[in-house]
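Shown next, in structure tokens, is the structure this report addresses.
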Amino acid sequence: MSDLRARLGALRRQSGVSRDDDQGGGSMDSVHALRHRLERVAAGRRRPCRKRISDETLAARLGGRVVRDCVILRRERLPIDAVHGAFPLVDSALHQGLSLCTGGDVATPRGCILMDTETTGLAGGTGTLVFLLGMARFSDGVLEIVQLFLTGFQGESAMLDEAREYLRGADTLVTFNGRSFDSPLLAARYRLSGLSDPFVELHHVDLLHVTRRTFKHRWPDCRLQTAERRLLGVQRIGDLPGSEAPRAWFEWVRHGRDDGLWAVCSHNRLDLLSLAVLPAALQRSHDDPIATGANVLACARHFRHGPDRAAGDREAFEYLQRYRRHLGTEGLLELAWLARCRREWSLAVELWEQLAAAGVCSAIEHLAKYYEHEKRDYERALTVTSRLLACAPHDGQHRRREARLRARLTARRC
């Protein structure tokens, strides 16, 4: 007990509180002292609020102009010989790459809108709004970038309405993760503003899905900046992370601090430039999957996204044949399946035998079916089925196949 009393006394001395204060004496003095200390802490944490500059001054600093109340427009036309990383910014490369991504369902480069947003949060939902809407499209062979920047909450409807003008004549929307994030968020904001959503009418190409299909299990992740480093030859230096953009905007709205806004616009601009050349980089990966580390099977499956399924299957078959030695089990099974569809049985059987030797049960099953139904060689089919039962001894379907084959062999002998 005495030890506890000694420890309490030491804590009182460290805090500057006397024993009498602790028991109620001089309590008002303690309250005043505590209030004074809290005020000093709060004063230290307060950030001085700058004198807020006008929207016109901010627009000049960002290289734009005020087009509506609380809306700044930045417009940039890149020179015809501009490049981004290792790729030229040309409309033909965009169109060819998008044709690969969509199976040929892209009208013209001029009809393609590249879109990326910066928002007040990354979680989405009705509490999140878009404060920077970046768009780009090719016009007369030149890439034109338009960024609509919101300087205050009250300008949201005007910004969304301004975007509608820029979308005239567009038929295709190109984003990176826009199907899951940007488009649903914009749809919600247009709905809350009482405006029709012009983006929903466009054919949407989300390059994240194409990138993920092509490089899944090849890269640690499929973020846009990973694709930039590995495919485009772009290394961002001093770039503001997208997660920091909301803080920069709230610094402006709450405190009038515009320090980070140029960096936000620059980050958004780089995203749009990468969207403009990423389809061409994906096309190059498709043309030479070994050099870029792309998934050969995923590249082959791109052919089958087009409207002509027969032509797509033929191209996929030829593609897999070309890169056969780089295929894994799944790719070899798909090549064998395509050979079967073309009734190229010698190739299909060769592949199934190769996989069966490695213990792939599905390949053994295909062999059993082939010998039973195509060759009518029930004895060979029974031998293969015995190998199949060794792989999956409790599979009822394999047991029934064995019984059926034994019955047919018995009937044939009789």
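The values are calculated or read from the model by the stated rules, or taken from the named source; none is laboratory data. Because the structure is a prediction, the values reported are computed rather than measured. Neighbour counts run over all protein chains shown; Cβ positions are idealised from the backbone, glycine included.
Inside region 54-68, can you point out the residues that are assigned to a loop (DSSP other than H, G, I, E, B) and either at pLDDT below 95 or surrounded by fewer than 13 Cβ atoms within 10 Å (Cβ to Cβ) (or both)?
Matches in region 54-68: Ser54 only.
For region 164-198, name all the residues that are over 17 Å from Leu98 (Cβ atoms), of a type outside the set (Ser, Thr, Tyr) and buried (at least 20 other Cβ atoms within 10 Å of the Cβ).
Hits for region 164-198 are Asp182, Leu185, Leu186, Arg189, Pro198.
If we keep just the residues of region 285-300 that are under 19 Å from the mean Cα position of the chain (by Cα) and of a type outside the set (Ser, Thr, Tyr), which is surrounded by the fewest Cβ atoms within 10 Å (Cβ to Cβ)?
Gly293
Among (1) part of a helix (DSSP H, G or I); (2) of a type outside the set (A, V, I, L, M); (3) at pLDDT 95 or above, which single condition is Glu372 missing?
(3)
Hey, can you tell me all the residues within region 380-400 that are farther than 9 Å from Ala368 by Cα and either outside the structural domain of Cys361 (by TED's automatic domain parsing) or part of a helix (DSSP H, G or I) (or both)?
Scanning region 380-400 gives Ser386, Arg387, Leu389, Ala390, Cys391, Gly396, Gln397, His398, Arg399, Arg400.
Do we find that His394 is loosely packed, with under 14 Cβ neighbours inside 10 Å and either out of contact with any strand residue (DSSP E or B) (no Cβ under 9 Å at 6 or more places or on another chain) or farther than 25 Å from Arg343 by Cα (or both) in this structure?
Judged against the criteria, His394 is a match.
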